[in-house]
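Enquirer: I have a structure here, written as C-alpha cells, and I will follow up with some questions on it.
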Amino acid sequence: MEPRKDRVEERAAEQTGSKVGTQRPVEAPPRNGGGEAPEAPFRERRKRPRISETPPAPPPPPRLDDYEPIIGKPELDELRFLARPLLGKTVKMVNSTSLGGGVAEMLNRLIPLLSELEVVTRWDVITGGNDFFEVTKAFHNALHGGDYVLTKEARDIFMMYNEQNRQRMQFTEDLFVIHDPQPVGLVRSRERNRGKWMWRCHIDLSNPHPDVWGFLRPMVEEYDATVFSSPAFSRQLMAPQYLFFPCIDPLSEKNKELDPAYIQKVCDDFGIDRSRPIVTQISRFDRLKDPVGVIQAYKLAKKYVDCQLVLAGGGATDDPEGAIVLQEVMEAAGEDPDVIILNLPPWSALEINALQRASTVVVQKSLKEGFGLTVTEALWKGKPTIAGAVGGIPTQVIHKLTGVLVHSVEGCAYQIRYLLTHPEFAEQMGKNGREHVKENFLMTTNVKRWLLLFQILLGMVRKEKTT
Amino acid sequence: MATAQLPAPPVRWARAPFYFNSAAHLLRIEREKATTLGELLAALRAVPSESIFQHTFRTLQEHHFIREGFSNDYAHWAFAACNEVGLAERLASVDVREFTSVESLRERIVQIVQDYLNRNPRAADRVAMEPFYFCASDAVVVPTPFVGRNLAEFRDCMNQVSIHSIHYHFIEARLRLKLNSNDFSVWLESELDMGRIADQFNRIDIYTSTLQDVRRTMVRVIERALHSQA
C-alpha cells in the first residue's frame, strides 16, 4: 500500500517531535479542563508537538527519604541498617558509558543512593577508540546468539583497551562491580589488590556464540561473584551467581505520579480520546516487539469492543530498520482513525508516563525480550497488562494474577476483549501487578540486594539458617 | 456535669519484651534446572535446603499480595509450564505451616511428584514450555527499632513493622522454633499468658489472605482483647 502523502509530510515535519501518522477525524476530543481558548482543529494541534527538540536537563536524583511514601519507613530503616556495617568501605563501579542505555540510567540512580547511605561508591567509565566499541558491539550481538567470526585482531583490540584502562585506573577500593562484557578484563588488577570483585552481566547469556564466550569466560571465572538479571540468562560458572532483577525508579520521569491535568494534556496533544478505552504498546519500532501483531490483535478485538490503539516508541529516526518497521506499522494500521502511532524522541519519558497512565490496558506483545522493563513500568502504574511469554516477562507477569501472558495474535485479541469487558478483574490484576513490582523490581530493592551482596562477600553477615 | 471516670485497668507487662526483627534475602542461582518433571524430581532430591526454602516459604513472601491462590513455585510451574493440573493441585495443597523443617517439606514434595509420576509415567519426560530454574535464598536477620513490652505496644509495633517482619515472625519462625506455631503466639502465651490470642493467631489462613490481611487480622484480635480488658 502506498503511504499516504500527508503521513509522510507529517513524519518529515516531526522527526524530533511526536505524531507520525494517525487518521483521526478533525473533531476535538472531550476535554476535562475548562476555561481554555476555543480549540484549533485537532490535526492542527497535533502538528505542533510539545515535546522539546532537545533533551531537557535531567532533574536531580531523588534522596532516600523521597522513597518513604512509596516503600514505607521500615523498608528505609532496613536499608540504613544493612548499610551500617559497610561504613568506611569503598566501592568502585565500572561500565562503558556514562550516558544513554539502561545501565548508565540505573547507575545514575543507584550510586547517589549508596553514597547517601555512606557506602562511598565511585563510578568509572572505560575509554576506547571506535575499533574497541565496534568489537564490543559485535561481541554483544554474538553473546546474544548472533553469527560472528572471532578473529585474533578482535581479541587483541579487546585486550589492549582493557589493559589500557587497567593501567589508567586506580583499584584501591574494597569492592569492585564491573558491568557487562566491555570492561570484564579489569579483573586482572585483582592480583595486586585485596578486595572482592563482582561481574554484573546485564545481557542474556543463555545462547552465546561459543568462541566469544570461550574467550571471555576465563576472565569471568576470576570474579568472586557474578550477578545476572534472570536465571535463564546465566551460565554455569565456578563462582556463586546471584539474581538481581532489573528495576525501575518509581521517582523517575517515566514512573513518577503525574498531575491528571498533564495526562489529559498529553492525550489531547496526541489526539487520544479518553472517553473510550485505550490499548497501548510502548516500544521501539522493532519487529521483535511485534507492533504489526498488536495491530492485528486490536483489529480482531475491535469487532467486539470499541477501543483505540496507541503504538508509541522511538527508533524510527536513528535506526534504518526502525523506519522500515514504522512503515509496515502504518500500512497495517491502514485508514483506521483509532490507531494512533507516535514516534517519540528518546527524551519523552514524561509523555510515555502519561500515555501509560491514560491507558485502559497495556500490551507488550514481544516475540523476543530481555527483561522487559516497559512491562515493569506498566505494572507499576497498576495497569492490566497483556504480554508475550518471552524473556524476563514471565518473571513479572504471573498469568492471570499480575497480568496475562499470550503466545499469539489471537490470544492477545481475546485478552484485550476480556480485560476491556471485565474491569473488576482487570483492576485487581493491576493492583497485584503494582505490588509485585513494589516487592521485587524497584530501585530500592536493588540497593538492598547490593548491600547484602557486599556484606556477604566481605564475610560480615551471619546468614540465617532456614533449614 | 461532672462525670465519674473508671480507673484505667492496670497494664499487664510482659515478662520479657518482644523484639521485632526482619529478614533480608538475596537470591542465588543454583546449578540445577529442570525441563521435565523427571528432572524436577531428581533436582528436588539434590538441591540444598535453602533452595527448597526459596521456592516454598520465601516465594510466599515474594507473592504476599496475592489472594487468589499462589502457593509455591513447583505448583505454579507444574500448572503453567507443564500443564499438569492434577499435580499442580496436589503441590498447591502443601501448607508450609505444617512443616517445622525444610527437610520434611522436601520429603513431602518429592513424595507428591514421585506418586504422580508413578501413576503417569509418560509425564516424566514431557518437555515443559519453560525450564524450572532452581534458586536459593541467603537470609540475613535485620533488627528493627520496634519493641513491645505489653499488648498495646505490641499492637502498635505490629501496625508499623514491614511486611517482611510479619513473614519472619509469623511464617518462617516455625523453622527456628521447630514448633507448629509462630514467634508472636509463643511470646503471647509464654510472656503474657494470653494463650487464647496465641491460638487465634495460629488459625489465620495465610493462603487466602495477603500478609497485610494477616497483619490486620492480628491487630483486630489484639484490639478486641484490649477492649475486653478495659
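Enquirer: In segment A:261-271, how many are within 24 Å of the chain's Cα centre (by Cα) and of a type in the set (A, V, I, L, M)?
Expert: Final tally of qualifying residues: 2.
Enquirer: A follow-up question, please. For segment A:289-297, indicate whether the set of residues that are surrounded by fewer than 22 Cβ atoms within 10 Å (Cβ to Cβ) and of a type in the set (D, E, K, R) is non-empty.
Expert: The answer is no, given that none of the residues of segment A:289-297 is surrounded by fewer than 22 Cβ atoms within 10 Å (Cβ to Cβ) and of a type in the set (D, E, K, R).
Enquirer: Further, regarding this structure: Residues that are out of contact with any Leu (no Cβ under 7 Å at 6 or more places or on another chain), outside any strand (DSSP E or B), farther than 24 Å from A:Lys152 by Cα and basic (Lys, Arg): does segment A:191-201 have at least one?
Expert: yes
Enquirer: Applying the selection to segment A:66-104, what residues are acidic (Asp, Glu) and surrounded by fewer than 18 Cβ atoms within 10 Å (Cβ to Cβ)?
Expert: Residues satisfying the conditions are A:Asp66, A:Glu68.
Enquirer: State yes or no: is A:Glu44 assigned to a loop (DSSP other than H, G, I, E, B), modelled with pLDDT under 75 and acidic (Asp, Glu)?
Expert: no
Enquirer: Buried (at least 17 other Cβ atoms within 10 Å of the Cβ) and either without any contact (Cβ under 8 Å) to a residue 60 or more places away in the chain or over 20 Å from A:Arg449 (Cβ atoms) (or both), is that true of A:Val177?
Expert: So A:Val177 fails the test.
Enquirer: For the condition within 13 Å of chain B (Cβ to nearest Cβ) and modelled with pLDDT of 95 or more, what is the one hit in A:Tyr242, A:Tyr262?
Expert: Just one listed residue meets the conditions, A:Tyr242.
Enquirer: Just need a number here: residues in segment B:147-171 that are facing chain A (nearest Cβ under 8 Å) and not in a helix (DSSP H, G or I).
Expert: 2
Enquirer: Please go through segment B:172-230 and give me each residue that is crowded, with 18+ Cβ neighbours inside 10 Å, polar (S, T, N, Q) and part of a loop (DSSP other than H, G, I, E, B), ordered by number.
Expert: B:Ser181, B:Asn182
Enquirer: Next question, about the same structure. If I go through segment A:192-205 residue by residue, how many of them are more than 11 Å from A:Gly370 (Cα to Cα) and at pLDDT 90 or above?
Expert: Qualifying residue count for the region: 7.
Enquirer: Looking at segment A:202-220, which of the residues that are assigned to a loop (DSSP other than H, G, I, E, B) and of a type in the set (A, V, I, L, M) is surrounded by the most Cβ atoms within 10 Å (Cβ to Cβ)?
Expert: The extreme case among them is A:Leu205.
Enquirer: Which of (1) touching a Phe, Trp or Tyr at 6+ places or on another chain (Cβ under 7 Å); (2) within 13 Å of chain A (Cβ to nearest Cβ); (3) assigned to a helix (DSSP H, G or I); (4) closer than 23 Å to A:Lys400 by Cβ is the odd one out, the single condition B:Ser71 does not satisfy?
Expert: (3)
Enquirer: Then there is this: Is it the case, given these coordinates, that A:Gly334 is at positive phi and not hydrophobic (A, V, I, L, M, F, W, C)?
Expert: In short, yes.
Enquirer: Has segment B:52-69 got at least one residue that is touching an Asp or Glu at 6+ places or on another chain (Cβ under 8 Å), of a type in the set (Ser, Thr, Tyr), closer than 22 Å to B:Asp115 by Cα and buried (at least 22 other Cβ atoms within 10 Å of the Cβ)?
Expert: Yes, segment B:52-69 has at least one match.
Enquirer: Which of the residues belonging to segment A:224-243 are assigned to a loop (DSSP other than H, G, I, E, B) and under 11 Å from B:Cys135 (Cβ atoms)?
Expert: Matches in segment A:224-243: A:Ser230, A:Ser234.
Enquirer: State yes or no: is B:Ala34 surrounded by fewer than 16 Cβ atoms within 10 Å (Cβ to Cβ), more than 10 Å from chain A (Cβ to nearest Cβ) and under 21 Å from A:Gln241 (Cβ atoms)?
Expert: Against the criterion (surrounded by fewer than 16 Cβ atoms within 10 Å (Cβ to Cβ), more than 10 Å from chain A (Cβ to nearest Cβ) and under 21 Å from A:Gln241 (Cβ atoms)), B:Ala34 does not qualify.
Enquirer: Confirm whether A:Val94 is assigned to a loop (DSSP other than H, G, I, E, B), more than 25 Å from A:Asp66 (Cβ to Cβ), at pLDDT 95 or above and not basic (Lys, Arg).
Expert: no
Enquirer: Cβ contacts < 7 Å: first residue within 14 Å of chain B (Cβ to nearest Cβ) and at pLDDT below 95, restricted to segment A:212-231; second residue surrounded by 20 or more Cβ atoms within 10 Å (Cβ to Cβ) and part of a helix (DSSP H, G or I), any location; separation 6+ or different chain. Result?
Expert: Pairs that qualify, where the first residue is within 14 Å of chain B (Cβ to nearest Cβ) and at pLDDT below 95 and the partner is surrounded by 20 or more Cβ atoms within 10 Å (Cβ to Cβ) and part of a helix (DSSP H, G or I), are A:Ser230/A:Thr395.
Enquirer: Every residue in segment A:236-284 that is touching a helix residue (DSSP H, G or I) at 6+ places or on another chain (Cβ under 7 Å) and free of Cβ contacts under 8 Å to residues at least 40 places away in the same chain, please.
Expert: Answer for segment A:236-284, where residues must be touching a helix residue (DSSP H, G or I) at 6+ places or on another chain (Cβ under 7 Å) and free of Cβ contacts under 8 Å to residues at least 40 places away in the same chain: A:Leu237, A:Leu243, A:Arg284.
Enquirer: Let me ask something else about it. Within segment A:401-431, can you find the residues that are within 16 Å of B:Arg67 (Cβ to Cβ), facing another protein chain (nearest Cβ under 10 Å) and within 23 Å of the chain's Cα centre (by Cα)?
Expert: Within segment A:401-431, A:Leu401, A:Thr402, A:Met429, A:Lys431 meet the criteria.
Enquirer: Could you identify the single residue in B:Glu103, B:Glu98 that is facing chain A (nearest Cβ under 10 Å) and within 17 Å of the chain's Cα centre (by Cα)?
Expert: Just a single option satisfies the conditions, and that option is B:Glu103.
Enquirer: Same structure, new question: Does B:Cys135 qualify as being under 23 Å from A:Leu457 (Cα atoms) and at pLDDT 90 or above?
Expert: Against the criterion (under 23 Å from A:Leu457 (Cα atoms) and at pLDDT 90 or above), B:Cys135 qualifies.
A quick yes/no check of all residues on (1) of a type in the set (A, V, I, L, M, F, W, C); (2) out of contact with any Ser or Thr (no Cβ under 8 Å at 6 or more places or on another chain); (3) at the interface with chain A (Cβ under 10 Å from one of its Cβ atoms); (4) assigned to a loop (DSSP other than H, G, I, E, B):
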site	(1), (2), (3), (4)
B:Thr56	no, yes, no, no
B:Leu60	yes, no, no, no
B:Trp77	yes, yes, no, no
B:Glu89	no, yes, no, no
B:Tyr116	no, yes, no, no
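Enquirer: Turning to a different aspect of this structure: Is it true that A:Glu163 is in the same structural domain as A:Phe215 (by TED's automatic domain parsing) and touching a strand residue (DSSP E or B) at 6+ places or on another chain (Cβ under 9 Å)?
Expert: Answer is no for this residue.
Enquirer: Here's another thing I want to ask about it. Tell me whether segment A:106-128 contains one or more residues that are touching a residue at least 24 places away in the same chain (Cβ under 8 Å), assigned to a loop (DSSP other than H, G, I, E, B) and within 12 Å of A:Ile178 (Cα to Cα).
Expert: yes
Enquirer: Please find, among A:Thr151, A:Thr172, A:Thr127, A:Thr121, the residue that is modelled with pLDDT of 90 or more, buried (at least 20 other Cβ atoms within 10 Å of the Cβ) and assigned by TED's automatic domain parsing to the domain that holds A:Trp197.
Expert: Within the list A:Thr151, A:Thr172, A:Thr127, A:Thr121, the selection yields A:Thr121.
Enquirer: I've got another one for you. Residues that are in contact with a Gly (Cβ under 7 Å, 6 or more places away or on another chain) and within 29 Å of A:Pro60 (Cα to Cα): does segment A:258-274 have at least one?
Expert: yes
Enquirer: All but one of (1) facing another protein chain (nearest Cβ under 9 Å); (2) closer than 21 Å to A:Leu76 by Cβ; (3) among the hydrophobic types (A, V, I, L, M, F, W, C) hold for A:Ile456; state the number of the condition that does not hold.
Expert: All conditions pass for A:Ile456, except number (2).
The values are calculated or read from the model by the stated rules, or taken from the named source; none is laboratory data. Bear in mind the structure is a predicted one, so any value in this text is a computation, not a measurement. Neighbour counts run over all protein chains shown; Cβ positions are idealised from the backbone, glycine included.
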